[in-house]
Amino acid sequence: MVSRTRNLALVLYLADLAIALGALYLADLLRHVLPFGFGDAGNLAWVDWQEYLAVAVIWAFMLRFFRVYEPRRILTVVEEIRVLLPAVTVAFVVLFAYLFIFKIEFLSRLLIGYFYFINLLLLLNLRLILRVALHSSSGFRRRLVIVGAGPVGEQVTDLLRQRPWTGYDIVGFVDDDQAKQRIEVAGRPVLGTCDELGDVIERERIAEVIVALPAHAYERIREIVTHAGDYPVRIRVVPDIFSMISVRARAEDLWGIPLIGIREPVITGFDSLVKRTFDMVVGSSALIVTAPIMLVVTFAILIDDGWPVFFSQKRVGENGRLFWIYKLRTMDKVDSRPGAASRRPEPRKTDVDPRITRVGRFLRRASLDELPNLWNVLRGEMSLVGPRPELPWVVDEYEPWQRQRLSVQPGMTGWWQIQGRGEVPLHENVELDLYYIQNYSPLLDLMILWRTIWVVLGGRGAY
């Protein structure tokens, strides 16, 4: 399934690049044939190889940058349109910049207009054709039965039904629970008991079997796998470890020993490089630009409440690593209020905390107290965008599912900040952070940063 998904993503990627180059050629041809535009179309210069090379490079980068080939998006119409439109549009903006910088004047606006619409039309039609082919090709699809109609089996069924490119036709389940016999589970019938698996394989012409039983049924799993081995089917076992997996797991082979990575990095490879580069470039630029502001604020804190100016505190970072976060001090000196630093916050923040100084209240309202976080970003402890960096005692009280938010670096801003910041109850922060992790893309980061500006200017939820 994984290899099929990767192969399909690779084929789509190469096909999209070929479509981009083909669309440029068709646009150039139409520009010379159709009687639109200025002057004699027949005398206009043709696009040369340098422009084709520029399109190939720009499109290759942008399609990856916008994560067009993320498995959950492939052949899902709404998701694909949602990422294809901005990806192609931004690619055209970059192409315009390239034409302007290198003063390539003979590429008319008419050609660019043709190119944009032809490219987008061909990309969407390619996916429409693939959807039709995958749903209608009986030779491509393999008949599958799932052993176990419990939560694990239902989850496997839902995943496969949402991803038709995997090529599976889910015939139904087998399960030992008598109450489930001859009823439907997750839209598929229970065809018999596990002891009847052999008959089901022969009767339904099954090609593959997925065993999705709970971990405590180890002996039963072993019996089923042994019995199914007498038939010409492919057998796979789903490990019942979903409660231990952070966000993504990865199966590996250690010289014949299967290993499952429980805590794998969510943002890897190309995405990790793009995110870190963006953090370094924007973070260092922001630190330089905001240095005069921090200098003025430093003097304001000194005049209002004296030294120290900065505040540091231990927070929990990626994979549970502890780090010191730096902020401008907004509360009274810790020495004047014993135990204030360790006081647990209320479930919902308020703006009536007596510990906040006059200058501190302004800094929080304008989010200026968080500017020193840029140093954490440059050190690689935080990112510009990510989940809220939480206190250790809060993480200690997490339920297992909430620890998924530790699978990426915490951020200066994030999805929860633009949804309400301090107005959102603490338990809802985790759910919003998990939404960001599960839907991460560079485009989402840019959108969050842009919306953060307006949230900060409005002062919404800043306490």
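The values are calculated or read from the model by the stated rules, or taken from the named source; none is laboratory data. Please read these numbers as outputs of a predicted model, since none were measured by experiment. Here the Cβ is made from the backbone with ideal geometry for all residues, glycine too, and neighbour counts use every protein chain on show.
A few points about this structure:
- Taking every residue in segment 160-185 that is in the same structural domain as Asp199 (by TED's automatic domain parsing) and pairing it with any residue that is surrounded by fewer than 17 Cβ atoms within 10 Å (Cβ to Cβ) and aromatic (Phe, Trp, Tyr), at least 6 positions away or on another chain, the pairs with Cβ-Cβ distances below 8 Å are Gly167/Phe140.
- Taken together, the residues in segment 277-330 that are more than 30 Å from the chain's Cα centre (by Cα) and among the acidic types (Asp, Glu) amount to 2.
- Failed item, numbered, when Ser138 is tested on (1) modelled with pLDDT of 80 or more; (2) surrounded by fewer than 18 Cβ atoms within 10 Å (Cβ to Cβ); (3) not in a helix (DSSP H, G or I): (1)
- Residue, modelled with the highest pLDDT, within segment 56-70, restricted to residues that are over 16 Å from Ala23 (Cα atoms) and surrounded by 17 or more Cβ atoms within 10 Å (Cβ to Cβ): Met62
- Residue within segment 301-308 that is in contact with a Leu (Cβ under 9 Å, 6 or more places away or on another chain), more than 16 Å from Val394 (Cα to Cα) and at pLDDT below 90 present: yes
- If you check Leu213, Leu197, Leu128, Leu191 for being closer than 30 Å to Ile81 by Cβ and either assigned by TED's automatic domain parsing to the domain that holds Arg234 or at pLDDT below 90 (or both), only one passes: Leu128.
- Residue check, Ala87 in contact with a Phe, Trp or Tyr (Cβ under 6 Å, 6 or more places away or on another chain), modelled with pLDDT of 80 or more and not acidic (Asp, Glu): yes
So that you can scan it fast, the table gives a plain yes or no per residue for (1) surrounded by 15 or more Cβ atoms within 10 Å (Cβ to Cβ); (2) outside any loop (DSSP other than H, G, I, E, B); (3) modelled with pLDDT under 80:
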{"site": "Pro345", "(1), (2), (3)": "no, no, yes"}
{"site": "Leu363", "(1), (2), (3)": "yes, yes, no"}
{"site": "Trp415", "(1), (2), (3)": "yes, no, no"}
{"site": "Asn429", "(1), (2), (3)": "yes, yes, yes"}
{"site": "Asp433", "(1), (2), (3)": "yes, yes, no"}
{"site": "Ile437", "(1), (2), (3)": "yes, yes, no"}
{"site": "Leu449", "(1), (2), (3)": "yes, yes, no"}
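- The C-beta contact set for segment 345-364 (first residue closer than 13 Å to Thr330 by Cα, second residue at pLDDT below 55 and assigned to a helix (DSSP H, G or I), distance under 7 angstrom, 6+ apart or interchain) comprises Arg355/Ala340.
- Across segment 163-184, the qualifying residues are those that are under 29 Å from Leu130 (Cα atoms) and modelled with pLDDT under 90, and the one among them that is surrounded by the most Cβ atoms within 10 Å (Cβ to Cβ) is Tyr168.
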